[in-house]
1. Please give, to one decimal in nm, the separation of the simple spin-label points placed at A68 and F11, each 7 Å out from Cα toward the Cβ.
2. Points 7 angstrom from Cα along the Cβ direction at L18 and D82: gap in nanometres?
3. Let me know the charge dipole size of segment 2-101 about its Cα centre in debye, to the nearest 20, where only the beta-carbon of Lys, Arg (+1) and Asp, Glu (-1) is charged.
4. What shape does segment 11-70 take by its C-alpha gyration tensor, where a ≥ b ≥ c are the square roots of the eigenvalues and a/c under 1.5 counts as rounded, a/b above b/c as prolate, and the rest as oblate?
5. Placing unit charges on C-beta atoms (Lys and Arg positive, Asp and Glu negative, everything else neutral), compute the dipole magnitude of segment 1-47 about its Cα centre in debye, rounded to 20.
6. What label, among (i) -0.31, -0.92, -1.19; (ii) -0.43, -1.02, -1.18; (iii) -0.35, -1.00, -1.26, belongs to log10 I(q)/I(0) by the Debye sum over Cα atoms at q = 0.11, 0.19, 0.22 Å⁻¹ computed from the structure on display?
Amino acid sequence: MGDLLSSMFEFSEKLSALDLSDEELGLFTAVVLVSADRSGMEDAASVEQLQETLIRALRALVLKTHPAETSRFTKLLLKLPDLRTLNNLHSEKLLSFRIDAQ
């Protein structure tokens with residue numbers, strides 16, 4: 001459990017350091033949630049198109065809000081693989097709890 005918690009806190013600190021506005025955080029959250037590679041997805045193409053639209057909106061907002069910080073959007077997108085890793089760690093931990101409980 002320690003690895004998961006320390007990874008979560010580390011991610012939170014790095015995301016917090018970006019000092020996102022409510023709007024930026026909302027769009028980033030939408031990008032995270034709208035993902036075409038989820039299991040059981042029936043219309044992945046539509047979901048992918050929606051995610052691309054959300055990414056473009058996030059990029060436009062970040063560039064408008066922080067025009068001098070050209071790498072800010074890239075830094076934000078680089079958080080997506082970190083979140084996927086956290087998700088995998090969490091899933092593994094949940095699975096181990098289920099196995100231990102049986």
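Bear in mind that the values in this text are calculations on the coordinates, not laboratory data. From a predicted model like this one, the values you see are computed outputs, not experimental measurements. Positions of Cβ are backbone-derived with ideal geometry, glycine not excepted, and every protein chain shown enters the neighbour counts.
1. Output for this residue pair reads 3.2 nm.
2. In this crude spin-label approximation the distance works out to 0.8 nm.
3. 180
4. oblate
5. Charge dipole of segment 1-47: 120 debye, to the nearest 20.
6. Checking each listed value against the structure points to (ii).
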